[in-house]
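The values are calculated or read from the model by the stated rules, or taken from the named source; none is laboratory data. Just so you know, these numbers come straight off a predicted model, no measurement behind them. Here the Cβ positions follow ideal geometry from the backbone for every residue, glycine too, while neighbour counts run over all protein chains shown. Side chains are part of the model used for accessible areas, which takes the heavy atoms of the whole protein and leaves out ligands, DNA and RNA. Shrake-Rupley method; radii C 1.70, N 1.55, O 1.52, S 1.80 Å.
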Amino acid sequence: MLNMAEKRRIAGAESRLSSGVTFLRLFASQNKTALLHLVLFIAVWKTFVPCISNGFSNYDDHEYVYANDHVTSGLTRENLLWSFSSSTVCNWHPLTMLTHIVDWQVFGARAWGHHLLNVVLHCLNSVLAFRLINKLTGLLWRSFWVALFFGIHPLRVESVAWISERKDVLSTFFFILTALAYANYVLEARTRNRNSKRQYYLALLWLFLGLMSKPMLVTVPFLLILLDFWPLGRWKNEGLFRLVKEKMPFLLLTAAFSVLTCFTQKGALYPLWAMPLHIRLENVVVSYCRYLAKLFWPVELACLYPYPTHWPAGYVAACGIFLLLTTAFVTVVRRHAPFALVGWLWFVGTLVPVIGIVQVGTQSMADRYSYIPSLGVLVVLVWCSSNVVSGWRFGSASLAVVAVCLSIASSALTRRQISYWRDGITLWRRAAAVTDLNYSAATIIGLWELEAGNYDAAITNLQYAIKLKGSLSKARIGLGRALWKKGRVDDAIKTLKISTAIEQTNAFAHKELGLAWLAKGCTNEAISHLAYALSLCADVPEAAQQLARLTNLVPSVHPAFASTNGAAAEEKTSAK
């Protein structure tokens, strides 16, 4: 039996434990929102932390970071001015380029440091999305689930795991801050708070910074008008005309950036003769449905989805009917379910700049473009699910269990998708495996195999790429080099002659043709094309080296030799 001293010690311990549990419950009840912020950050962080062990990719990372002289020379006055005065890969986003410069200044060529900022920004975006939706609606748990599904979804991988797509996570960070400041402005104006105008100007500032990170935010004024409809409920009391007038500074700002974007992306725009309007419209209709499909079933994701020559008419018609019926349905139920209309228009509207009516690049769609639009669909899904089970017994608990299971599955799929971004060749092999007719992937894999000395694999991939798209100069030049390296010199010369005929001023095509002629033992032809390559571009080292060697053997040949003087040079060489 216990003596009195032991009983008192046990009673004291039980009392302290009871007090501790009571304190924790009180703390949790009073700080539930703060705890959910922390849980959300940790969940997204644990999902995306494998990104930090990945390296650079060969998908724009060289142009944005490790082969960009302005970035690798660090944070200087000249580079600061360059970031604001120049475009990179046909994009003007000075704030994004500044972050890359700062990253290199701090981490150098260590890729993990560049990945780290992307992951941190995405975690913050998830937390800010939770804060924004909760502020607008006051529904804590629904807001949490929307933010969690947004944060850990596999479609987020391209935006986070790709260093060059820093512009996506950075611009979204400023976008959510814009929406938060606007929400504060509206809520404070209702209480006649004199500081409400400060929030309005702060929203303009955040939008300006976001547009300097990525111009996709040009749809923000329309999103703010949607938020005025629901959940802010301003349309009835203040009128649509007044609300549009209120957004004029935002509209003017986005209009200016739209014009600037069209100017900077001029070199990447496809003209109508190269990609007719009816083909673009077909792809627009299909792509909306493809984005939705990948949101619900995120498998076979790729870094590049090739643009089809056309979509089957029945497929296009089915997608069009679905979009029309969905739009009609959410419009009809807007009084009882305003969130459905707002969420759907959020998704449709924010994709407009990148849906392909104005085509930039070779992709038919891209996972990264779903970063902001997916929030609208997730709001609709969570709100609909919650409303359906609201009258059920144990409905909320059952929905929470389903949500947790979906979150675990989504996180696992995301981590697997991150592994495909560990290096460039893995990334493109995955793209080739899950997409059809991907000539870009075949070209990049073929050139990588060529550099690695795997000539048979290089020839196979490059021939396939040329079969899909005959105008690929890099693929044809690479194929010519692989062929003569393999000893198939006649095939190489035939291939490279086609390349120089298509692009007569391509210095690298002439250089490879010169090397092929040299491999065949035809010195005159080799000198002709090597010299012409150097006359087109002085920075072709291999051509300069070989030509210098040959001109030592044939002193009468001058390095500035051009193709127009080829016959005379051949005569001199023969005489020698």
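Scanning segment 206-223 finds one or more residues that are farther than 22 Å from LEU351 by Cβ, of a type outside the set (Ser, Thr, Tyr) and either open to solvent by less than 50 Å² (accessible area, probe 1.4 Å) or at pLDDT 95 or above (or both).
The number of residues in segment 292-305 being in contact (Cβ under 8 Å) with a residue 24 or more places away in the chain and in a helix (DSSP H, G or I) comes to 3.
Looking at this structure, is LEU324 under 29 Å from THR426 (Cα atoms) and of a type outside the set (Val, Ile, Thr)? It is false that LEU324 is under 29 Å from THR426 (Cα atoms) and of a type outside the set (Val, Ile, Thr).
Of all residues being open to solvent by 30 Å² or more (accessible area, probe 1.4 Å) and hydrophobic (A, V, I, L, M, F, W, C) in segment 137-151, which is farthest from ASN184 (Cα to Cα)? Just the residue, please. My answer is PHE149. Just give me the residues in segment 456-497 being closer than 18 Å to LEU536 by Cβ and aliphatic (A, V, I, L, M), in sequence order. ILE477, LEU496, listed by residue number. For segment 236-291, the set of residues classified as part of a helix (DSSP H, G or I), of a type in the set (Phe, Trp, Tyr) and open to solvent by 50 Å² or more (accessible area, probe 1.4 Å) consists of PHE241, PHE263, listed by residue number. The residues of segment 60-86 that are of a type in the set (Asp, Glu), in a helix (DSSP H, G or I) and within 29 Å of ARG429 (Cβ to Cβ), listed by number, are ASP61, GLU63.
Condition test on LEU437, is it open to solvent by 20 Å² or more (accessible area, probe 1.4 Å) and either modelled with pLDDT under 95 or not in a helix (DSSP H, G or I) (or both)? For LEU437, the condition - open to solvent by 20 Å² or more (accessible area, probe 1.4 Å) and either modelled with pLDDT under 95 or not in a helix (DSSP H, G or I) (or both) - is met. For segment 168-195, the set of residues classified as open to solvent by less than 10 Å² (accessible area, probe 1.4 Å) and over 12 Å from ILE372 (Cβ atoms) consists of ALA181, TYR182, ALA183, VAL186, listed by residue number.
Filtering segment 447-463 to residues that are surrounded by fewer than 19 Cβ atoms within 10 Å (Cβ to Cβ) and in a helix (DSSP H, G or I) leaves GLU451, ALA452, TYR455, ASP456, ALA457, THR460, GLN463.
When SER57 is tested against (1) under 30 Å from ALA179 (Cα atoms); (2) in a loop (DSSP other than H, G, I, E, B), only condition (1) is not met.
Applying the condition of being within 22 Å of GLY424 (Cβ to Cβ) and modelled with pLDDT under 95 to segment 305-315 and asking which residue is farthest from the chain's Cα centre (by Cα) yields TYR307. VAL342 - would you say it is within 26 Å of GLU282 (Cβ to Cβ), in contact with a Leu (Cβ under 6 Å, 6 or more places away or on another chain) and not aromatic (Phe, Trp, Tyr)? Judged against the criteria, VAL342 is not a match. The number of residues in segment 63-85 being in contact (Cβ under 8 Å) with a residue 12 or more places away in the chain, open to solvent by 30 Å² or more (accessible area, probe 1.4 Å) and under 21 Å from the mean Cα position of the chain (by Cα) comes to 2.
Counting the residues of segment 125-136 that are in contact (Cβ under 8 Å) with a residue 60 or more places away in the chain and either over 12 Å from PHE41 (Cα atoms) or surrounded by fewer than 23 Cβ atoms within 10 Å (Cβ to Cβ) (or both) gives 5.
Scanning segment 417-434 for residues that are over 25 Å from ALA492 (Cβ atoms), touching a residue at least 12 places away in the same chain (Cβ under 8 Å) and surrounded by fewer than 19 Cβ atoms within 10 Å (Cβ to Cβ) yields SER419, ARG422, ASP423, ARG429, VAL434. No other residue among SER386, SER370, SER364, SER390 is in contact with a Ser or Thr (Cβ under 9 Å, 6 or more places away or on another chain), under 30 Å from LEU226 (Cα atoms) and free of Cβ contacts under 8 Å to residues at least 24 places away in the same chain apart from SER390.
Within segment 318-347, being open to solvent by 40 Å² or more (accessible area, probe 1.4 Å) and in contact with a helix residue (DSSP H, G or I) (Cβ under 9 Å, 6 or more places away or on another chain) holds for ALA318, PHE322, THR327, PHE329, THR331, ARG334, LEU345. Being assigned to a helix (DSSP H, G or I), open to solvent by 10 Å² or more (accessible area, probe 1.4 Å) and closer than 12 Å to LYS167 by Cβ is the filter here; which residues of segment 87-112 pass it? Answer for segment 87-112, where residues must be assigned to a helix (DSSP H, G or I), open to solvent by 10 Å² or more (accessible area, probe 1.4 Å) and closer than 12 Å to LYS167 by Cβ: LEU95, LEU98, THR99.
The residues on offer are ALA442, ALA519, and the sole one that is within 37 Å of the chain's Cα centre (by Cα) and not in a loop (DSSP other than H, G, I, E, B) is ALA442. Which residues, counting only those in segment 490-519, are β-branched (Val, Ile, Thr) and open to solvent by less than 70 Å² (accessible area, probe 1.4 Å)? ILE493, THR495, THR500 - these are the residues of segment 490-519 that are β-branched (Val, Ile, Thr) and open to solvent by less than 70 Å² (accessible area, probe 1.4 Å). Among residues of segment 464-477 being hydroxyl-bearing (Ser, Thr, Tyr) and in a helix (DSSP H, G or I), the one that is modelled with the highest pLDDT is TYR464. Within this structure, HIS115 fails the test of being closer than 27 Å to PHE257 by Cβ and either touching a Pro at 6+ places or on another chain (Cβ under 9 Å) or not in a loop (DSSP other than H, G, I, E, B) (or both). Per the listing PRO221, PRO276, PRO271, PRO231, the residue uniquely touching a Ser or Thr at 6+ places or on another chain (Cβ under 9 Å) and without any contact (Cβ under 8 Å) to a residue 40 or more places away in the chain is PRO221.
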